[in-house]
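*Asks:* Handing you a structure now.
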Amino acid sequence: MSGFDGFNTEFYQTSYSIEDQAQPYDYSGRQYSKHYGGYEYPQQGGFVPPDMMQQQPYTGQIYQPTQTYTPASAQSFYGSNFEDEPPLLEELGINFDHIWQKTLTVLHPLKVADGSIMNETDLAGPMVFCLAFGATLLLAGKIQFGYVYGISAIGCVGMFCLLNLMSVTGVSFGCVASVLGYCLLPMILLSSFAIVFSLQGMMGIILTAGIIGWCSFSASKIFISALAMDGQQLLVAYPCALLYGVFALISVF
Amino acid sequence: MWQVGKRQASRAFSLYANIDILRPYFDVEPVQVRARLLESMIPVKMINFPQKIAGELYGPLMLVFTLVAILLHGMKTSDTVIREGTLMGTAIGTCFGYWLGVSSFMYFLAYLCNAQITMVQMLSLLGYGLFGHCITLFVTYNIHFHSLFYIFWLVVGGLSTLRMVAVLISRTVGHTQRLILCGTLAALHMLFLLYLHFAYHKVVEGILDAFEGPNMPPFQRVARDIPVVSNAVLNTTAKAIALTL
């Protein structure tokens, strides 16, 4: 399952390369470039040590730590040398800049989403958001990490089945989990609000409804653009709204 | 090794869990879903000609999940305590149990009574019939007024039941068969709504009046003393005092 021609069931998983991160996000729906040559990191700073760049063309894939295929050459990059090893975050596939970019996408509900931004199955960001949600609930006196974990797991499985049934191209579980995890961010705002104020009045109901709408709108927008399901945004948004409604129920009560 | 494991798992998954057979039932447009939701409340007049039932599963599935969410909300607002189980499990079990169980039972009865309906159509019909239940419960879990509930039960619940009954009558031949099928469906559907209202949203009126918290419902109620609760409190206090002495 080499996947470099792009059409497999794991949508966009393996063709997103490290060199694309050197270019800033401009949401213009740029095509992928498939060549893996030398490249600079103007704004990445110390993310990759410069001496590494001069030694060998690094063509490993930062976002797929378990990806063992290398595109063109059969060189082994994680050699036995200590200096040849990539930094830990890179090896784990955690790129804070990308996490931040995707967070901004979720937070601007009216911004048009680029379908390619959710290609890699990045679960570091969603993990952080789930933990932050549990932490804000903890601050409100509700020790419900288990509920958050269970509901997010079952919700991801349910959305995965539904989206696979509704879309022409399939979708991978990692992509669904990643999108749903990122769109949990406004719910963290709700639960942090619940630390200080009670959400059980009319104001709380309106705020809760607004936040649920925001989360489900962002999630459906990203799913629609990633799966090219035109005209079905409401059909995708409604199950997302039900899932985020259950999270809201935990926050409110 | 990861790749080999992944390949084997995906092969097993595609063999045993082939959900692609359900794919045609989820191919809908939002306009169609909206139209079918509204139609589910309008009883058809023409019962001599078999009425068309859309064999679609997206709308019914979403309605069942909506009912689960409404039940959860109702249980949380009334602080219902489920002793053996969880709130979520109870809600999901009740709603899905009703949808799948009653659909199967009605399909079996339809088979006995020679009605022309497939299993998917029965699931779809009953699922869309839950739209009336969703509306009724959403309104009456938030506005606690018994007579309002009875009005909604008769009108909204009755309309959706009449719709299902009319469609079934149009697809069944023979008076006895029609009576059996439609009587069973009407009874089960209406009684389910009654059950959902009374079992999942216990409002103990005297205690709510005593506390007067921020959840005070808008309608005034006469304060009543609940002898069971006050006796229990008295007994527990007496026991505690006796133990310390």
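Just so you know, all these numbers are worked out from the coordinates, no wet-lab data involved. All of these numbers come straight from a predicted model, not from anything done at the bench. Positions of Cβ are backbone-derived with ideal geometry, glycine not excepted, and every protein chain shown enters the neighbour counts.
*Asks:* Which pairs in the list A:LYS221/B:LYS6; A:LYS221/B:LYS76; A:LYS111/A:LYS221 are over 19 Å apart, alpha-carbon to alpha-carbon?
*Replies:* Pairs exceeding 19 Å: A:LYS221/B:LYS6; A:LYS221/B:LYS76.
*Asks:* Here's another thing I want to ask about it. Taking each residue in A:161-167, count the Cβ atoms of any other chain within 10 Å of its Cβ, then average. What number comes out?
*Replies:* If you average over the peptide's residues, the count of other-chain Cβ atoms is 5.
*Asks:* By how many nm would the segment from A:VAL196 to A:GLN101 grow when fully extended, if each residue of separation counts as 0.36 nm and the alpha-carbon distance is taken off?
*Replies:* Full-extension gain reported as 31.3 nm.
*Asks:* Quick one: among B:ILE143, B:ILE70, B:ILE19, which has the greatest mean-square fluctuation in a GNM of chain B with alpha-carbon springs under 10 angstrom?
*Replies:* For chain B, modelled as a Gaussian network with Cα springs under 10 Å, the answer is B:ILE19.
*Asks:* Follow-up question, since we're still on this one. Using label points projected 7 Å from each Cα along Cα→Cβ, tell me how many nm separate B:GLU39 and B:ARG11, to one decimal.
*Replies:* Placing both labels 7 Å beyond Cα along the Cβ direction yields 4.5 nm.
*Asks:* Something else about it: Mean Kyte-Doolittle hydropathy of -1.0 or higher plus an axial Cα length of 30 Å or more: which whole DSSP H helices in chain B meet both?
*Replies:* Numbers: long enough: B:87-112 (37 Å, 1.26); B:119-142 (35 Å, 1.15); B:175-199 (35 Å, 1.18).
Taking the DSSP H segments of chain B (at least 30 Å long, mean hydropathy at least -1.0), we get B:87-112, B:119-142, B:175-199.
*Asks:* Let me ask something additional. Would you calculate, for chain B, the mean residue ellipticity at 222 nm contributed by helices, counting each DSSP H stretch of 4 or more residues as -39,500 (n - 2.57) and dividing by all residues, to the nearest 500?
*Replies:* It lands at -22500 deg cm²/dmol.
*Asks:* While we're looking at this one, here's another question. Most exposed first by the Cβ proxy, i.e. fewest other Cβ within 10 Å, how do B:SER160, A:SER152, B:SER104 rank?
*Replies:* In order of increasing Cβ crowding within 10 Å: B:SER104, A:SER152, B:SER160.
*Asks:* What FRET efficiency comes out for the pair B:VAL173/B:VAL4, r = Cβ-Cβ distance, R0 = 45 Å, nearest 0.05?
*Replies:* 0.15
*Asks:* Which of the peptides A:236-242, B:152-158, A:217-223 is most tightly packed, and how do the rest follow, judged by the mean count of other Cβ atoms within 10 Å per residue?
*Replies:* A:217-223, A:236-242, B:152-158
*Asks:* Per-residue mean of other chain beta-carbon atoms within 10 angstrom of the beta-carbon, peptide B:1-7?
*Replies:* 2
*Asks:* What is the Cα convex hull volume of chain B when expressed per residue in Å³? Each step should come with its number before you reach the end.
*Replies:* Details: hull volume 56.8 nm³, N = 245.
Output value, Cα hull per residue: 232 Å³.
*Asks:* Taking every alpha carbon pair in segment A:126-170, what does the distance histogram look like in 5 angstrom bins from 0, in percent?
*Replies:* The calculated distribution, bin by bin, is 5, 21, 20, 17, 12, 11, 7, 4, 1.
*Asks:* Express in whole angstrom the spacing between the alpha-carbon centres of segment B:63-131 and segment B:1-43.
*Replies:* 19 Å
*Asks:* For the residues A:SER192, A:SER251, what sequence is obtained by ranking on other C-beta atoms within 10 Å, fewest first?
*Replies:* A:SER192, A:SER251
*Asks:* For the residues B:VAL81, B:VAL33, what sequence is obtained by ranking on other C-beta atoms within 10 Å, fewest first?
*Replies:* B:VAL81, B:VAL33
*Asks:* Please state, to two decimals, what the Cα-based radius of gyration of segment A:129-220 comes to when divided by 2.2 N^0.38 Å (N = residues).
*Replies:* 1.18
*Asks:* Starting with the highest mean, order A:203-210, B:91-98 by the number of other Cβ atoms within 10 Å, averaged over the residues of each peptide.
*Replies:* Values: A:203-210: 15.0, B:91-98: 17.4.
Ranked from most to least packed, the peptides come out as B:91-98, A:203-210.
*Asks:* Within 10 Å of each Cβ in peptide B:64-77, how many partner chain Cβ atoms are there on average? Round it to a whole number, please. Intermediate results must be reported in sequence, preceding the final value.
*Replies:* Details: counts 0, 7, 5, 0, 2, 6, 1, 0, 4, 6, 0, 2, 5, 3.
Mean inter-chain Cβ contacts per residue within 10 Å come to 3.
*Asks:* Can you compute the modelled spin-label distance between B:ASP79 and B:LYS52, with each label point 7 Å from Cα toward Cβ, in nm?
*Replies:* About 5.3 nm, to one decimal.
*Asks:* What nm distance separates the two modelled labels at B:ARG23 and A:ILE154, each placed 7 Å from Cα along Cα→Cβ?
*Replies:* Each label point lies 7 Å from its Cα, and together they span 2.9 nm.
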